[in-house]
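What follows is a short report on a single structure.
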Amino acid sequence: EELERILEFTNKKINTIIYCDLGNGKSILLKELKPYLTVNSLEIYEIVDWDGDYIGDFDHLSKLNKQIVIIIDGYERYLDLLKHYSNTLPKNLNIIASARTAEHERLRTELKTMGFDFNEINIDYLTETESSDFVNILDNIGMWGKKAGLPHNRKIELLKDSNNLQFSVSLLHLLDAPQIKSKISTLLS
């Protein structure tokens, strides 16, 4: 659903900011987004070199005669590029950027002050369909433990009540996910 929303924004020449808390899937969504947009006839570029001349690259891309999307994971490191975009407003470029919720909340006013127009998508919470699919996956791999005999809708209620339908919290709670624990430990140290 989010891929379609982002494609719709992009087709309307609207920039998108995706935000969520740690481990809720913004980087995965961006990875899914690249082939999805490519199949829909858009050329995709992603900033991967923090020290590169991305403003020079940006200016070069803005002169091309094709619709281009630039993906920025962790846009807080590239505020100068977003300001440059706002000052030049190239007609053929759209930006899809992401940040953790706390960073985005802190920077939202600054983005608006610099004239960077965008639509927001918060992906912290599982949708109804995603919640149901998540329950099915957990059923399939036998991860419900003592709650395995509960009906499907009751398992969804458990996700809602104990984990606020947040994917990362559900993983920590139900799966004791080591990758999330490792990421949190790295951030804290």
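The values are calculated or read from the model by the stated rules, or taken from the named source; none is laboratory data. Given the structure is predicted, the values throughout are model-derived calculations rather than measurements. No Cβ is skipped: glycine too gets one built from the backbone with ideal geometry, and neighbour counts run over all protein chains shown. What goes into the accessible areas is simple: the full protein's heavy atoms, side chains included, and nothing from ligands, DNA or RNA. Shrake-Rupley method; radii C 1.70, N 1.55, O 1.52, S 1.80 Å.
Observations on the structure shown:
- Taking the Cα centre of the chain as reference, the dipole from Cβ charges on Lys and Arg (+1) and Asp and Glu (-1) amounts to some 220 debye.
- Accessible area ranking (1.4 Å probe, heavy atoms, ligands and nucleic acids excluded), largest first, for Ser170, Ser185: Ser185, Ser170.
- Inter-part distance where region 91-110 and region 8-59 are each reduced to a Cα centre, Å: 11
- Solvent-accessible ranking of Val169, Val48, Val69, largest area first, probe 1.4 Å: Val48, Val169, Val69
- Amide H contacts of Ile72: Ile96, Ala97, Ser98, each under 5 Å away and 5 or more positions distant or on a separate chain (H built 1.01 Å from N in the peptide plane; Pro and chain starts excluded).
- Take the Cα radius of gyration of region 17-100 and divide it by 2.2 N^0.38 Å, N being the number of residues; the result is 1.07.
- Among the protein heavy atoms, those of Arg5 account for about 100 Å² of accessible surface (1.4 Å probe, every chain in place).
- Karplus-based coupling profile of region 149-158, in residue order and whole Hz: x, 5, x, 3, 5, 5, 5, 5, 4, 4, with θ = phi - 60° in 6.51 cos²θ - 1.76 cosθ + 1.60 and x standing for Gly or Pro.
- Heavy atoms of the protein chains alone define the surface here; on that basis the chain has 57 Å² accessible area per residue at 1.4 Å probe size.
- Restraint check, Lys66/Lys112; Lys31/Lys146; Lys26/Lys63, Cα-Cα greater than 32 Å: Lys31/Lys146
- Using a Gaussian network model of the chain in which every pair of alpha carbons under 10 angstrom is joined by a spring, one finds that among Ile141, Ile96, Ile68 the greatest mean-square fluctuation is at Ile141.
- Within the chain, percent of DSSP bridges classed antiparallel, to nearest 5: 5
- Extension gain (nm, one decimal) between Ser132 and Ala102, 0.36 nm per residue minus Cα-Cα: 8.0 nm
- Candidate values (1) 42, 19, 16; (2) 36, 18, 14; (3) 24, 21, 15, label of the one derived for semi-axes √(5λ) of the Cα gyration tensor in Å: (2)
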